[in-house]
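S.K.: Sharing a structure, written as structure tokens. Questions coming.
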Amino acid sequence: MSVEQKVRVGFFAAGSIVIYRHALELSQNPDVELVMVYDPLRERAKSLAEQYGMKVAASEKALLSNKNIDAVIVATPNSEHARLTIAALKAGKHVLCEKPMATTLEDAAAMIAAAKASKKKLMIGHNQCLMAPHLKAKALLKEGVIGEILTFRSSFGHGGPETWSQDNGPHTWFFKKEKAYVGSMGDLGVHKAYLLPWLLGSDFVEAGAFVDTKLKRDENNKLISVDDNAVCILKMANGVTGQLTASWTYGAKEDNVTVIYGSKGQMILGADPNYQVEVMLNNGEVARYKVGAVATNTCQVKSGIPDLFIDCILDDLEPPFDGLKGYKALATVVACMESAASKKICAVQNTPPKIKKA
Ligand SMILES: NC(=O)c1ccc[n+]([C@@H]2O[C@H](COP(=O)([O-])OP(=O)(O)OC[C@H]3O[C@@H](n4cnc5c(N)ncnc54)[C@H](O)[C@@H]3O)[C@@H](O)[C@H]2O)c1
């Protein structure tokens, strides 16, 4: 695209992540024109459209066939991600799709194949990597401040998505297996399954997990059909092993903390609200960095994801948070689910299956 030209954007969904992040951030980007939104709940689409001067699409097809749209944001329930992403890529649009990128590895592979065939950009909304403490940690790890990485523990838990989703309450799609595929593990665990390989420079290759539903109940007062807690042990290709936990039952206080242990010391991310990166060396030296907060549901910070997507389109660059990395994060979640079901350590299938026809 020429740099003088604005990127014209359409939205699949007018839900919370679009309201709080994508539409808000893109509306402040001078290189973007917000054109159209589709949501089956028309009132939601109308409200967002009025706020940003967009048109409401009468159907998915109306948005897909609109020649004045260059790029779409897919931010629907998880079950719709693959279908809409592939349709948009085939219609010649660039796509920013939310996480988890799909509900099966086959669908995720088909999304990657569709992006390749269309020569359009496919980016997945894995926003953890752009958070200030994680960017600082990556730079410090590259300098080798804590030596050789040995192990880690990473946690992402809050009180649950039913107060965040626009389907506010126990009827939310996040609680339905057919719409979400997985619960806390797909909503929160997948973020850390993406972040840790990016931070530590190695893919997860094996997983063992206990994945349970302990507390959350749906509108019929039945335990929900997806998990609300997951405790996982993971091994990387470089031999590093560690723990990942995801939870929707940390009701009193959100926990979004990662600790990385190396041969020379350890690094704590997101524990101290004032010093979001802390480095403690075995020789007693301590360094604390004030770099900005990790985003939480209740304390939103600019994600930078939509702006990066637009830059990749304008500069014709492969998005750094691409389909393959999104696939591997999903594959880690899938391996954890398989491990919990089989009570065995399971391999992470990091190579997407071949797709016959994109
Ligand atoms: N990156 C992040 O940190 C982050 C944070 C929250 C949510 N998410 C992801 O974003 C996606 C949406 O989550 P949310 O919190 O906005 O949910 P939400 O419940 O607030 O909104 C979902 C919206 O999708 C609409 N929808 C359903 N089917 C649709 C279709 N076929 N076309 C268009 N719209 C459709 C619903 O009517 C609803 O308005 C999920 O995949 C979720 O995992 C990512």
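Listed here are the residues, each with its yes/no results for (1) without any contact (Cβ under 8 Å) to a residue 60 or more places away in the chain; (2) of a type in the set (Phe, Trp, Tyr); (3) away from the ligand (no atom under 13 Å from the Cβ).
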| site | (1), (2), (3) |
| --- | --- |
| Leu89 | yes, no, yes |
| Thr103 | no, no, no |
| Ala110 | no, no, yes |
| Ala115 | no, no, yes |
| Lys121 | no, no, yes |
| Ala139 | yes, no, yes |
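Here is a yes/no grid of residues against (1) exposed (fewer than 14 other Cβ atoms within 10 Å of the Cβ); (2) away from the ligand (no atom under 14 Å from the Cβ); (3) under 17 Å from His126 (Cα atoms); (4) not hydroxyl-bearing (Ser, Thr, Tyr):
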{"position": "Cys299", "(1), (2), (3), (4)": "yes, no, no, yes"}
{"position": "Lys302", "(1), (2), (3), (4)": "no, no, yes, yes"}
{"position": "Glu318", "(1), (2), (3), (4)": "yes, yes, yes, yes"}
{"position": "Phe321", "(1), (2), (3), (4)": "no, no, yes, yes"}
{"position": "Leu324", "(1), (2), (3), (4)": "no, yes, yes, yes"}
{"position": "Glu338", "(1), (2), (3), (4)": "no, yes, no, yes"}
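S.K.: Also: Considering the range 264-313 alone, what residues qualify as being basic (Lys, Arg) and more than 22 Å from Ile149 (Cα to Cα)? Steps first, answer last, please.
M.R.: Within the range 264-313, the first condition is being basic (Lys, Arg), and the residues that meet it are 264, 288, 290, 302.
Within the range 264-313, Lys290, Lys302 qualify.
S.K.: Do any strands (runs of 3 or more DSSP E) entirely within the range 246-341 hold 1 or more residues that are farther than 19 Å from Ile73 by Cα, touching a Gly at 6+ places or on another chain (Cβ under 7 Å) and of a type in the set (Phe, Trp, Tyr), and if so, which?
M.R.: none
S.K.: Residue by residue through the range 62-85, note down the ones that are more than 11 Å from the ligand (Cβ to nearest atom) and either of a type outside the set (A, V, I, L, M) or touching a Phe, Trp or Tyr at 6+ places or on another chain (Cβ under 6 Å) (or both).
M.R.: Ser65, Asn66, Lys67, Asn68, Asp70, Thr85 - these are the residues of the range 62-85 that are more than 11 Å from the ligand (Cβ to nearest atom) and either of a type outside the set (A, V, I, L, M) or touching a Phe, Trp or Tyr at 6+ places or on another chain (Cβ under 6 Å) (or both).
S.K.: While we're on this one: Working carefully through the options Val56, Val95, find the one that is over 23 Å from Pro353 (Cα atoms) and β-branched (Val, Ile, Thr). Explain how you work it out, then say what you get.
M.R.: Numbers: Val95 fails: over 23 Å from Pro353 (Cα atoms).
Criteria check complete, one pass: Val56.
Residue-wise test of (1) at pLDDT 95 or above; (2) over 23 Å from the mean Cα position of the chain (by Cα); (3) under 20 Å from Asn229 (Cα atoms).
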| position | (1), (2), (3) |
| --- | --- |
| Gln266 | yes, yes, no |
| Tyr275 | yes, yes, no |
| Gln300 | no, no, no |
| Val334 | yes, no, yes |
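S.K.: Taking the range 13-43 as the region of interest, how many residues are of a type in the set (Asp, Glu), within 14 Å of the ligand (Cβ to nearest atom) and either in contact (Cβ under 8 Å) with a residue 40 or more places away in the chain or not in a loop (DSSP other than H, G, I, E, B) (or both)?
M.R.: Narrowing the range 13-43 to residues of a type in the set (Asp, Glu): 25, 31, 33, 39, 43.
Filter once more, so that each one left must be within 14 Å of the ligand (Cβ to nearest atom): 25, 39, 43.
From what is left, the residues that are either in contact (Cβ under 8 Å) with a residue 40 or more places away in the chain or not in a loop (DSSP other than H, G, I, E, B) (or both) are 25, 43.
Residues in the range 13-43 being of a type in the set (Asp, Glu), within 14 Å of the ligand (Cβ to nearest atom) and either in contact (Cβ under 8 Å) with a residue 40 or more places away in the chain or not in a loop (DSSP other than H, G, I, E, B) (or both): 2 in total.
S.K.: Next up: Just the residues that are within 13 Å of the ligand (Cβ to nearest atom) and either modelled with pLDDT under 95 or basic (Lys, Arg) (or both), please, taken from the range 141-162. Let's see the steps before the verdict.
M.R.: Within the range 141-162, the first condition is being within 13 Å of the ligand (Cβ to nearest atom), and the residues that meet it are 156, 158, 160-162.
Listed by number, the list is empty, since nothing qualifies.
S.K.: Report, by residue number, each residue of the range 3-19 that is within 18 Å of Asn127 (Cβ to Cβ), of a type in the set (Gly, Ala, Ser) and crowded, with 23+ Cβ neighbours inside 10 Å.
M.R.: Correct list: Ala13, Gly15.
The values are calculated or read from the model by the stated rules, or taken from the named source; none is laboratory data. Keep in mind that this is a model prediction, so the values were computed, not measured. In this analysis, Cβ positions are derived from the backbone assuming ideal geometry, glycine residues included, and neighbour counts consider all displayed protein chains.
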